1. Please give me, ordered by residue number, the trypsin sites (Lys or Arg not before Pro) of the range 45-91 that lie in loop per DSSP and have at most 12 other Cβ atoms within 10 Å.
2. Residue farthest toward the positive end of the dipole of the chain, with Cβ of Lys/Arg at +1 and Asp/Glu at -1: which of 17, 31, 75?
3. Equivalent-ellipsoid semi-axes (√(5λ), Cα gyration tensor) for the range 28-70, whole Å, largest first?
4. Taking Cα pairs under 8 Å and at least six residues apart, what relative contact order does the chain come out at, in percent?
5. If you keep only loop residues by DSSP, which chymotrypsin sites (Phe, Trp or Tyr not before Pro) in the range 38-86 have at most 12 other Cβ atoms within 10 Å of their Cβ?
6. Around residue 93, with a cut-off of 13 angstrom between Cβ atoms, what is the net charge of the other residues, counting Lys and Arg +1 and Asp and Glu -1?
7. State the dimensionless ratio Rg/Rh of the chain (Rg: radius of gyration of Cα atoms; Rh: Kirkwood radius).
8. Rounded to the nearest 20 Debye, what is the dipole magnitude of the chain about its Cα centre when Lys and Arg each give +1 and Asp and Glu each give -1 at the C-beta?
Amino acid sequence: MTVSHILAVLSSSDLVIDVEVIEMNVEPKTQSLRAKATLKKGYVLYVNEGIGENYRRYSYHLQKGDKMTRRWDNAPHWRDIRTFPFHLHLQDKDEPVECEEVFVRDVLLKITDILGERYRESTEASK
């Protein structure tokens, strides 16, 4: 997974209206991306990815207006969750719930369910 691949998946999704790169860093051994994807129906997805040889840190923060709807991340807290460090924050829960590791495509598929939309992307971005 590279930051250019993440941007290609976002840009090719029918859910995404616009992608704004806030910060991007591509070094020989590490890459990072902070981006804001404006989605259909007034939703916004904030993407934070850090990728290296032996690590991956991510946060996908979905909100509508000024309210967080969901946030998938792997910050190393919430050690009591079975899927540690992977977890999902929901707007109406004080503590996160179990969640397997996700990638940008997984998150877009989950958002598709939330929005009641059909998910499509170009075949080029899915490679």
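No lab work stands behind these numbers, since they all come straight from the coordinates. Here the structure is a predicted model, which is why all the values come from computation and not from measurement. Note that each Cβ is placed from the backbone with ideal geometry, even for glycine, and that neighbours are counted across all protein chains shown.
1. Details: sites: 56, 57, 64, 67, 70, 71, 79, 82; in loops: 79, 82.
Passing both the DSSP loop test and the Cβ count: 79, 82.
2. Among 17, 31, 75, the one farthest towards the positive end of the dipole of the chain is 17.
3. Working: eigenvalues 136, 19, 6 Å².
Working from the Cα gyration tensor, I get semi-axes of 26, 10, 6 Å.
4. Working: 242 pairs, mean separation 23.9, N = 127.
In percent, rounded to a whole number, it is 19.
5. Working: sites: 43, 46, 55, 58, 60, 72, 78, 86; in loops: 55, 78, 86.
Loop-located and lightly packed - 55.
6. -2
7. Details: Rg = 14.3 Å, Rh = 15.0 Å.
Using Cα coordinates only, the ratio equals 0.95.
8. Using only the charged Cβ atoms, the result is roughly 160 debye.
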